[in-house]
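**Q** Submitted below is the structure of interest, expressed as structure tokens.
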Amino acid sequence: MSIQRLDVIVTSPGRNFVTLKITTSDGIVGWGDGTLNGRELAVASYLRDHVAPTLVGRNESAIEQTWQYLYRSPYWRRGPVTMAAVAAVDMALWDIAAKKAGEPLYKLLGGASRTGLMAYVHASGSTIERLNDAVAGYVDQGFQAVRIQSGVPGLGQIYGVHDAAPGAAYEYEPAGRPATDGSEPAALRPTEETWDTAAYLRHLPSVFAAVREQFGGELRLLHDGHHRMSPIEAAKLAKAIEPYDPFWLEDCTPGEDQSALRLVRQHSVTPLAIGEVFNSVHDYQTLITERLIDYVRSSTTHAGGITGLRQIMTFAGIYGIRSGFHGPTDVSPVGMAANLHLGLAIHNFGIQEYMPHSATALEVFRTSYSVDGGMLHPGETPGLGVELDEQAAAAHEYVPAYLPVNRLRDGSVHDW
Ligand code: KDG
Ligand code: MG
């Protein structure tokens, strides 16, 4: 038996997704996620033009060998486009292997190490009051861990902050469909937001204080700095929120500067999480060996699939570092399922981000994972447990959408 066909499906049920379908000569179908927010068509072309032609006729069960072949043979290693494409192939092959075995994928990865995966959800509000209302909604649903993001006085819309209607799901999609700039032919521009780190640093400790005051000490509170601080600013924030016992501070500095976290560590015991923009184990080398982080933020989709992320977690496990896999809506339900199977199997699971997909997206992707009392489970369906409905997918054409650009008040472009 061998790989017979590879099809790349780009669909946009409310947001864009890149899905790879691999069909074997005996008719088994495997699905993989290659979604790269704002750069979807680059991955689609990489898969269609450069990967698919080289895989037809190969043994579909040689998963590790195929991973190494795709990683090493092009000469150009790593990078988000390459590793999202590798991820899509890797997930589809694991899906096929588990379907052939008639088992949910986690059983091929060593079996369950736990009964379920603690999830954290996104609460946000333009004001502290609205944020607290959002947190209360999640606590009522049984969630034990909540990411808190709030507006900053003096700033307008900022990334990751959205006022949901009371009781409504957090349906915030950070990649906006860009406006045209009025030129002819029209050029598409990402939206722009204004940022001020000093204002943010002054405000955030009061946000933690208010949420702790309302919900007590047990609820796990997380916060995402979205790469916006310099090392000394990040150290200042990590130290300032320490009294409120944060579960983690995420992306406090730009991830590619690994040694920046040495300075943060010198000043604070706030746990640190980083890695959603990383795509290989090498991006973590200093962070892991020097124990500069507590949680690995990669997802299967952006870190070379189950095989790539498993490598990272094995390395991290030696240093007692746990998982906090990236699970935003731009990881498709296929990638989410891959995260869940891996998280259930590994010893050093920590927490799983959970940002539910919209009802429209879930009409295209039929899932069998579940969330109950704040705990996620991948389900017992053979394979990954997610199937794409190709007819439903075809009804949603690709629409360009980009993450916003962040600028300081003087107009200079800032990390966001
Ligand atoms: O594509 C970018 C988003 O996935 C990212 O900004 C979401 O920071 C994020 C998070 O922690 O989920
Ligand atoms: Mg993040």
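The values are calculated or read from the model by the stated rules, or taken from the named source; none is laboratory data. This structure is a prediction, so every number in the text was calculated from the model and none was measured. Virtual Cβ from ideal backbone geometry, glycine too; neighbours counted across all protein chains shown. The area values use the complete protein model at the heavy-atom level, side chains included, leaving out ligands, DNA and RNA. Shrake-Rupley method; radii C 1.70, N 1.55, O 1.52, S 1.80 Å.
**Q** Restricting attention to region 351-369, report how many residues are within 16 Å of ligand 2 (Cβ to nearest atom) and either open to solvent by less than 10 Å² (accessible area, probe 1.4 Å) or over 13 Å from Leu117 (Cα atoms) (or both).
**A** The qualifying residues number 4.
**Q** Select from region 136-167 the residues that are of a type in the set (Gly, Ala, Ser) and either under 30 Å from Tyr402 (Cβ atoms) or modelled with pLDDT of 90 or more (or both) and list them in ascending order.
**A** Result: Ala136, Gly137, Gly142, Ala145, Ser150, Gly151, Gly154, Gly156, Gly160, Ala164, Ala165.
**Q** Report, by residue number, each residue of region 297-326 that is in contact (Cβ under 8 Å) with a residue 60 or more places away in the chain, open to solvent by less than 10 Å² (accessible area, probe 1.4 Å) and in a loop (DSSP other than H, G, I, E, B).
**A** Result: Thr300, Thr301, Ala303, Gly304.
**Q** In region 1-25, which residues are part of a strand (DSSP E or B), of a type in the set (A, V, I, L, M) and farther than 17 Å from Ala84 by Cα?
**A** Passing the criteria: only Ile3.
This table checks each residue for (1) open to solvent by less than 10 Å² (accessible area, probe 1.4 Å); (2) closer than 27 Å to Gly137 by Cβ.
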site: Pro190; (1), (2): no, no
site: His226; (1), (2): yes, yes
site: Ala238; (1), (2): yes, no
site: Pro243; (1), (2): no, yes
site: Phe247; (1), (2): no, yes
site: Tyr295; (1), (2): no, yes
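**Q** Now for a separate question. What do you reckon, is Trp94 modelled with pLDDT of 95 or more and outside any helix (DSSP H, G or I)?
**A** The answer is no for Trp94.
**Q** Moving to a separate point now. Is there a residue in region 305-314 that is within 14 Å of ligand 1 (Cβ to nearest atom), within 25 Å of Asp330 (Cα to Cα) and modelled with pLDDT of 95 or more?
**A** no
**Q** Something else about it: In the list Arg220, Arg262, Arg212, which residue meets the criterion of being among the charged types (D, E, K, R) and within 16 Å of ligand 1 (Cβ to nearest atom)?
**A** Arg220
**Q** Further question on the same structure: List pairs: first residue in region 378-392 and on the phi > 0 side of the Ramachandran plot, second residue among the aromatic types (Phe, Trp, Tyr) and assigned to a loop (DSSP other than H, G, I, E, B) anywhere in the structure, Cβ distance under 9 angstrom, at least six positions apart or on different chains.
**A** Cβ pairs passing all conditions: Gly379/Tyr369; Gly385/Tyr369.
**Q** Any chance you could count how many residues in region 139-161 are within 16 Å of ligand 1 (Cβ to nearest atom) and either free of Cβ contacts under 8 Å to residues at least 12 places away in the same chain or open to solvent by 30 Å² or more (accessible area, probe 1.4 Å) (or both)?
**A** Total meeting the criteria: 1.
A quick yes/no check of all residues on (1) more than 16 Å from ligand 2 (Cβ to nearest atom); (2) acidic (Asp, Glu); (3) within 28 Å of Tyr398 (Cβ to Cβ):
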{"position": "Leu109", "(1), (2), (3)": "yes, no, no"}
{"position": "Ala136", "(1), (2), (3)": "yes, no, no"}
{"position": "Gln141", "(1), (2), (3)": "yes, no, no"}
{"position": "Gly156", "(1), (2), (3)": "yes, no, no"}
{"position": "Ala175", "(1), (2), (3)": "no, no, yes"}
{"position": "Leu188", "(1), (2), (3)": "yes, no, yes"}
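**Q** When you check Ala88 against the structure, is it among the hydrophobic types (A, V, I, L, M, F, W, C) and open to solvent by less than 10 Å² (accessible area, probe 1.4 Å), yes or no?
**A** yes
**Q** Take the residues in region 313-350 that are within 16 Å of ligand 2 (Cβ to nearest atom) and among the small types (Gly, Ala, Ser); name whichever of them is farthest from Asn279 (Cα to Cα).
**A** My answer is Gly350.
**Q** Could you count how many residues in region 279-296 are part of a loop (DSSP other than H, G, I, E, B) and within 22 Å of Ala92 (Cβ to Cβ)?
**A** 2
**Q** Taking the condition of being assigned to a helix (DSSP H, G or I), open to solvent by less than 10 Å² (accessible area, probe 1.4 Å) and within 16 Å of ligand 1 (Cβ to nearest atom), how many residues in region 30-51 meet it?
**A** The qualifying residues number 2.
**Q** Give all pairs with beta carbons closer than 8 Å in which a residue from region 243-254 that is of a type in the set (D, E, K, R) meets a residue that is at pLDDT below 95 and more than 14 Å from ligand 2 (Cβ to nearest atom); count only pairs at least 6 apart in sequence or on separate chains.
**A** Pairs found: none.
**Q** Being loosely packed, with under 13 Cβ neighbours inside 10 Å and among the polar types (S, T, N, Q) is the filter here, so list the residues in region 52-67 that pass it.
**A** Within region 52-67, Gln65 is the sole residue that qualifies.
**Q** For region 249-278, how many residues are open to solvent by 10 Å² or more (accessible area, probe 1.4 Å) and within 20 Å of His122 (Cβ to Cβ)?
**A** The total comes to 3.
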